[in-house]
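The block underneath contains the structure these notes are about, expressed in structure tokens.
The values are calculated or read from the model by the stated rules, or taken from the named source; none is laboratory data. Not measured: the values here are computed from a predicted model. A quick note on method: Cβ atoms are made from the backbone with ideal geometry, for glycine too, and the neighbour counts reach across all protein chains shown.
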Amino acid sequence: MKTACKVGAVWSLGLAAVLASTVTAEPAIAADARARIVPVVTSTAQLPSCRSIEYPGDGGKISVQTAPNGTVAWGITMYNQADVAGRWDIDTLVNARKTTSSFHRALTGPYIPHGSVPPAEATRGGHFSVAGTLVSANGKTFQTAPNDCIIL
Amino acid sequence: MSSLAAALAARVDQVLPDGFQVSATGTIVSLSTPTEEALRDIDISLALNHVDNFSAAAAVAAWRVLNDFQDDVIAYLWEAWPTAEGHTSPAEAYGESDQGVLRLGYRYSDSTVIDLEPIDLTALCG
């Protein structure tokens, strides 16, 4: 299936400009922040909070929320349920290192891949992100856009 | 971590609804169903990426396996699991390590629904 993944067929699960981001190396930040921070984001202060944020993209959106107990919950909602069926390979990362929360499986019907990361892994002040791909059964390939946020 | 994976798989396998199976290969704990060979794989060694001691990582690993497999069971059966009389929502997974012993299962705030056999972490490390 990977050989069928052409650049033109790559859609974003997160930011609308994921493809452009890949090509032009734009900053890995939320859509609202992109409008005012250019071109590079490296400091904690410039990233959004993981408290409650959505990263809308071309094909779907990534949602991240933090519960009062510090658990970070994440989910990916596709706009078109016909795109959901296929092979999902999603990891979550804190400070660029994988956590135990992931989603690696094939889906055949409607679903919202999701998970949660306990405080032991989602340490306060860390950078949280959701990363991976969906090779949809209908031939499209989706890729998560940059979606780092700060765990508070 | 591979010994912990095997211990977790053996315990969780005993309490899941009929048809679900849990196995371990190395540090990977896998859930399968009658219709899908591998519903989910969890690499519990990833817990060590963020937790610096085995005992705490074991607690994270236990919670991860119980929580995510519960999620899959609920999605597959389309009903809450596990539950107890007087409750409509499913019990919550827990994994806690204290003095070398890992306790794990599913519980409500006021009662335990499934209490799995504790795991002696010192034996696994030895």
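For segment B:56-93, what are the residues that are out of contact with any strand residue (DSSP E or B) (no Cβ under 8 Å at 6 or more places or on another chain), touching a residue at least 12 places away in the same chain (Cβ under 8 Å) and hydroxyl-bearing (Ser, Thr, Tyr)?
Passing the criteria: only B:Tyr76.
Go through segment A:136-152 and give me each residue that's in a strand (DSSP E or B) and touching a Cys at 6+ places or on another chain (Cβ under 7 Å).
First pass over segment A:136-152, keeping only residues in a strand (DSSP E or B): A:136, A:141-143, A:149-150.
Answer for segment A:136-152, where residues must be in a strand (DSSP E or B) and touching a Cys at 6+ places or on another chain (Cβ under 7 Å): A:Thr141, A:Cys149, A:Ile150.
Residues in segment A:91-124 that are part of a loop (DSSP other than H, G, I, E, B), more than 7 Å from every other protein chain (Cβ to nearest Cβ), touching a Leu at 6+ places or on another chain (Cβ under 9 Å) and buried (at least 22 other Cβ atoms within 10 Å of the Cβ): how many?
Qualifying residue count, segment A:91-124: 1.
Yes/no matrix, rows are residues, columns are (1) among the charged types (D, E, K, R); (2) within 24 Å of B:Trp78 (Cβ to Cβ):
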| position | (1), (2) |
| --- | --- |
| A:Pro56 | no, no |
| A:Gly60 | no, yes |
| A:Ala82 | no, yes |
| A:Ser102 | no, yes |
| A:Ala106 | no, yes |
| A:Tyr111 | no, yes |
| A:Glu121 | yes, no |
| A:Arg124 | yes, no |
| A:Ser136 | no, yes |
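Looking at this structure, is A:Gly70 more than 11 Å from every other protein chain (Cβ to nearest Cβ) and more than 27 Å from B:Tyr94 (Cβ to Cβ)?
Against the criterion (more than 11 Å from every other protein chain (Cβ to nearest Cβ) and more than 27 Å from B:Tyr94 (Cβ to Cβ)), A:Gly70 does not qualify.
Determine, yes or no, whether B:Val29 is touching a residue at least 40 places away in the same chain (Cβ under 8 Å), buried (at least 20 other Cβ atoms within 10 Å of the Cβ) and within 14 Å of chain A (Cβ to nearest Cβ). Reasoning before the result, please.
Working: touching a residue at least 40 places away in the same chain (Cβ under 8 Å): no; buried (at least 20 other Cβ atoms within 10 Å of the Cβ): yes; within 14 Å of chain A (Cβ to nearest Cβ): yes.
Spelling it out, it is not the case that B:Val29 is touching a residue at least 40 places away in the same chain (Cβ under 8 Å), buried (at least 20 other Cβ atoms within 10 Å of the Cβ) and within 14 Å of chain A (Cβ to nearest Cβ).
Restricting to segment B:32-42, name every residue that is modelled with pLDDT of 90 or more and within 7 Å of another protein chain (Cβ to nearest Cβ).
Quick first cut of segment B:32-42, residues modelled with pLDDT of 90 or more only: B:32, B:41-42.
Across segment B:32-42, the qualifying residues are B:Asp41, B:Ile42.
Among the residues of segment B:85-103, are any at pLDDT below 95, touching an Asp or Glu at 6+ places or on another chain (Cβ under 9 Å) and over 26 Å from A:Thr92 (Cα atoms)?
Within segment B:85-103, one or more residues are at pLDDT below 95, touching an Asp or Glu at 6+ places or on another chain (Cβ under 9 Å) and over 26 Å from A:Thr92 (Cα atoms).
What number of residues within segment B:96-126 are farther than 12 Å from B:Leu4 by Cβ, in contact with a Phe, Trp or Tyr (Cβ under 8 Å, 6 or more places away or on another chain) and not charged (D, E, K, R)?
Qualifying residue count, segment B:96-126: 5.
Suppose we keep only residues that are of a type in the set (Val, Ile, Thr) and within 24 Å of B:Glu96 (Cβ to Cβ) within segment B:1-26. Which one would you say is farthest from the other protein chains (Cβ to nearest Cβ)?
Narrowing segment B:1-26 to residues of a type in the set (Val, Ile, Thr): B:12, B:15, B:22, B:25.
Of the ones still in play, those that are also within 24 Å of B:Glu96 (Cβ to Cβ) are B:12, B:15, B:22.
Values: B:Val12: 15, B:Val15: 20, B:Val22: 15 Å.
Step by step, filter segment B:1-26, then rank; the result is B:Val15.
When residues of segment B:46-96 are filtered for being surrounded by 15 or more Cβ atoms within 10 Å (Cβ to Cβ), among the hydrophobic types (A, V, I, L, M, F, W, C), away from chain A (no Cβ under 11 Å) and outside any helix (DSSP H, G or I), how many remain?
Residues flagged as surrounded by 15 or more Cβ atoms within 10 Å (Cβ to Cβ), among the hydrophobic types (A, V, I, L, M, F, W, C), away from chain A (no Cβ under 11 Å) and outside any helix (DSSP H, G or I) within segment B:46-96 amount to 3.
Of the residues A:Ile62, A:Ile76, which single one is out of contact with any Ser or Thr (no Cβ under 7 Å at 6 or more places or on another chain), assigned to a strand (DSSP E or B) and at pLDDT 95 or above?
Working: A:Ile62 fails: out of contact with any Ser or Thr (no Cβ under 7 Å at 6 or more places or on another chain).
Step by step, each of A:Ile62, A:Ile76 is checked, and only A:Ile76 is out of contact with any Ser or Thr (no Cβ under 7 Å at 6 or more places or on another chain), assigned to a strand (DSSP E or B) and at pLDDT 95 or above.
Spot the failing condition for B:Arg11; the list is (1) assigned to a loop (DSSP other than H, G, I, E, B); (2) crowded, with 20+ Cβ neighbours inside 10 Å; (3) of a type in the set (D, E, K, R), and only one is missed.
All conditions pass for B:Arg11, except number (1).
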